[in-house]
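Readers should treat all values here as calculations from the given coordinates under stated rules, not as data from a laboratory. Because the structure is predicted, anything quoted here is derived from the model rather than measured. Ideal geometry is used to build each Cβ from the backbone, glycine not excepted, and the neighbour counts take in all protein chains shown.
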Amino acid sequence: MAQYLLSIYQPVGPAPAPEVLEPIMRDLEALNGEMKAAGAWVFAAGLHPTDSATVVRQQGSEVMITDGPFAEAKEHLGGFTVIEAADLDAALGWAGKLTRATTLPVEVRPVQH
């Protein structure tokens, strides 16, 4: 079985109101349970807001550290799930369920071993 990274992208801005967020979190918890029961779930996590990010990069012979996200954008990586799936079609099936649960776009990429 191959592993796939399901990256969840969310818009920049404040979190949705509780009445919007609570059903999403409930659906996400149910989906995580479904993935675990199917043996597909490996690991999942949400991320803190982009203002908590630190970027480390090499510039010539120096290592530079800057605050903030790598790139300014209208969307950012808000969380991710790593799954095991037989093939890309199976991974896309889980991603479809994840985008329905979160109401956010999900990027699917195979993990390189």
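Over the range 1-76, what is the mean sequence separation of C-alpha contacts under 8 Å (at least six apart), divided by residue count, expressed as relative contact order in percent? Intermediate results must be reported in sequence, preceding the final value.
Numbers: 46 pairs, mean separation 24.8, N = 76.
Relative contact order comes out at 33 percent.
What residue among Phe70, Thr50, Val82 has its Cα farthest toward the positive end of the dipole of the chain, where the charges are +1 on Lys, Arg and -1 on Asp, Glu, each on the Cβ?
Val82
Have a look at the chain and give its Rg and Dmax from the Cα atoms, expressed in angstrom.
16.0, 50
Hey, got the dipole for the chain? About the Cα centre, +1 on K and R Cβ, -1 on D and E Cβ, debye to the nearest 20?
Working: 7 positive and 14 negative charges, 29 e Å.
For the chain, the charge dipole is close to 140 debye.
Using amide H atoms built 1.01 Å from N in the peptide plane, name the residues 5+ places from Leu47, or on other chains, whose amide H lies under 5 Å from its own.
Amide H neighbours of Leu47, under 5 Å, 5+ apart: Gly79.
Given the rule -39500 (n - 2.57) for each run of at least 4 DSSP H residues, summed and divided by the residues of the chain, what is its mean residue ellipticity at 222 nm, to the nearest 500 deg cm²/dmol? Each step should come with its number before you reach the end.
Working: 2 runs with 36 residues, N = 113.
It lands at -11000 deg cm²/dmol.
Give the angle, between 0 and 90 degrees and rounded to the nearest 10, that separates the Cα long axis of helix 18-38 from the longest principal axis of the Cα atoms of the chain.
The two axes meet at around 70 degrees.
Taking only Cα atoms, what is the 0 to 90° angle, nearest 10, from helix 88-102's long axis to the longest principal axis of the chain?
80
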